[in-house]
Every structure is written in structure tokens, then in C-alpha cells.
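Enquirer: Handing you a structure now.
Computed from the coordinates by the stated procedures, all read-outs in this text should not be read as laboratory data. All values derive from a computational prediction rather than experimental measurement. We place every Cβ from the backbone using ideal geometry, glycine too, and count neighbours over all the protein chains shown.
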Amino acid sequence: MQKTFLEQFSELQNTSAFPLAREVDNETPMSSSAVEKSCISLVNIPTKNALQFKNNTSAILVNPKQRGNPLLKSITNTSWEYDDNIIPDYVMSRTTCALFLSLKYHNLKPDYINERLKQLGRLYDLRVLLVQVDLEDPHHALKHLTRVSLLCDLTLMLAWNAHEAGKIIETYKIYENKPPDMIMEKQETDMQLRIISALTTIRAVNRTDAATLLSTFGSLKNIIKASKESLSLCPGIGPQKASRIQSVLKQPFLKNKKHKLNSQEDITTYLRKH
């Protein structure tokens with residue numbers, strides 16, 4: 001007989017993952033204050049990092065139980081190796097680990113994730129629950145796993161196929177020692193904004209297209225020199241937009257023989273009319 005969430009959670013409370021074990025009535029849902037108290041108590045406990053993590057390793061450590069998981073084929077930009085000593089499925093750094101779970105498997109064995117969390121205890125600072133969504137109607141299972149993640153101090157990450165799951169694991173490893181500003185939004189310079197503004201005056205070219213062109217070719221000069229084939233290879237551009245961009249940019253910036261386009265305003269006006 002499948003256990004309810006409260007029954008499963010009450011079992012977890014009796015493990016080292018929950019310092020304040022208490023009885024929970026299976027027919028009475030936990031109040032929001034009780035959930036907050038449990039989460040606060042977990043945050044205040046010093047976390048332990050995996051002592052078995054190899055010093056200065058550049059590889060993702062993989063639990064041998066994950067042998068044959070298709071996501072491993074998608075980890076191509078960093079190395080990985082099997083390690084019999086780790087408890088989680090993947091260890092991306094001394095402080096970061098991941099447990100992998102597919103929703104189909106979760107439906108077949110709902111107690112599996114609880115057992116894994118008991119084994120994991122309070123190891124690692126950042127604990128990722130990587131869930132592969134492979135059900136047509138995943139909402140009920142995801143609601144349950146979201147509650148588990150909130151109560152057990154997990155970061156829930158969703159992937160819709162094995163390739164996405166592998167890239168998530170890989171990204172955690174790649175950014176292991178990167179500064180925070182690496183994942184912050186890049187601020188555009190005043191000149192970039194002007195170029196993007198000018199390019200968007202070409203019909204059918206939006207800000208995303210303009211930003212893509214600028215990031216791909218690096219400057220307006222290179223965009224003007226680019227062939228139609230090169231332009232069409234940019235995401236979101238295609239042959240029709242490429243033809244339109246090239247036809248506009250290849251025309252001489254002259255209104256007539258007596259009047260040159262000498263300012264940003266002249267160029268913007270010209271592009272808007274063409």
C-alpha cells in the first residue's frame with residue numbers, strides 16, 4: 001500500500017536529516033508555522049561536506065548506481081568518473097551534489113527518494129534534486145517533490161529529457177569556481193544600445209535579433225560585411241530576414257549625391273524608411 005506524504009515525512013523526521021523529531025498525525029496536514037520551524041532548524045545546523053571528495057579533482061564524481069544513465073552521454077565539456085565512496089548520485093564539487101530521479105521511477109517506487117535522503121543526511125551545502133519529467137501529467141508528482149524539496153533543504157531542478165539533465169549536471173561543475181558575475185545579466189554599453197536601436201529600425205528585425213547579430217559578429221562593421229548565408233545561420237534570423245538586413249545595409253548611406261548621412265539620427269531615419 002502506498003504511503004502518504006505525511007507518513008513518509010514522519011519517517012524522515014526520525015533520521016539525522018531532521019534534528020527535531022516529532023510525531024505527525026497522518027490525518028492532519030502540517031501547519032505553515034510547523035513547516036517554517038522545521039526549515040529554520042535545518043538552516044541553523046552546521047552542514048557537513050563530503051570528506052571523501054577528492055582534492056582538486058576536475059571531474060564529476062558519479063555513483064556506480066548511475067551506470068547506464070543516458071544523461072552521462074551529454075556530459076561532454078568536463079570529465080567524469082565513477083566513485084564507489086560517494087553517497088549521492090553525482091558530486092560536482094566539495095559542497096555540491098545531486099540526486100537524480102525520473103518521475104516514472106518515482107511513481108513505481110515512491111519510497112526511493114526518502115531512503116536516499118536518509119542516507120544523504122546533512123552532507124553538502126548545495127543539494128540538488130534533479131528530476132527528469134517523463135510523464136504526460138507530472139503535476140501531482142511534482143507537487144509532492146516540491147514539498148519534499150522545501151522541507152529537506154533541496155534545490156529542485158527539472159529536465160525534460162536526458163540531454164537536459166546531463167547539461168544541468170555539467171553546468172554546475174563548469175561554474176564551480178566561477179565568480180558570481182559570470183551568471184549575472186550583462187549590461188549593454190551605450191554604443192551597443194545605439195547599434196541595437198539602429199538595427200531594430202529594419203523591418204522584421206526585433207531587439208533579440210539585433211542583440212544576436214551584435215554578439216555573433218561583434219560590431220556593426222562585421223555585420224555589414226557578413227554574407228547573407230552567415231547572417232541566416234544566426235538563431236532567429238533565417239534567409240528572409242538575412243536578405244532584408246543585407247539589402248538595407250549594403251545600400252550606400254546617401255540620401256542623394258549632395259547629402260551624406262553624417263549623424264546617428266540620419267542613419268536611424270534612413271533605416272526606418274527602408
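Enquirer: Just grab the label-to-label distance for Asn177 and Lys225, each label 7 Å out from Cα along the Cβ direction, in nm (one decimal).
Expert: A separation of 3.6 nm, rounded to one decimal place.
Enquirer: Right, here's the next one. Given a Förster radius of 51 Å and the C-beta distance between Ala59 and Gln251 as r, what FRET efficiency does 1/(1 + (r/R0)^6) yield to the nearest 0.05?
Expert: 0.40
Enquirer: On to the next question. What distance in nm separates the simple spin-label points at His139 and Leu156, each placed 7 Å from Cα in the Cβ direction?
Expert: Those two pseudo-labels are separated by 1.4 nm.
Enquirer: Moving on to the next point. Students often get this wrong, so check it: of Lys109/Lys167; Lys167/Lys250; Lys104/Lys167; Lys118/Lys173, which have C-alpha atoms separated by over 32 Å?
Expert: In this structure, Lys167/Lys250 exceed 32 Å between Cα atoms.
Enquirer: Over the Cα atoms of the range 55-193, each weighted equally, I'd like the Debye log10 I(q)/I(0) at q = 0.13 Å⁻¹, rounded to two decimals.
Expert: With one equal scatterer per Cα and no solvent, log10 I(q)/I(0) is -0.59.
Enquirer: How much length would be gained if the chain were fully extended between Leu193 and Thr78, taking 0.36 nm per residue of separation minus their Cα-Cα distance, in nm to one decimal?
Expert: Stretched out fully, the Leu193 to Thr78 stretch lengthens by 37.9 nm.
Enquirer: I would also like to ask the following. Between Ser215 and Thr146, 0.36 nm times their residue separation minus their Cα-Cα distance comes to what?
Expert: 21.1 nm
Enquirer: Next question, about the same structure. Rounded to the nearest 0.05, what FRET efficiency do Glu115 and Asn206 give with R0 = 45 Å and r taken as the Cβ-Cβ distance? Could you check?
Expert: That pair, Glu115 with Asn206, gives E of 0.35.
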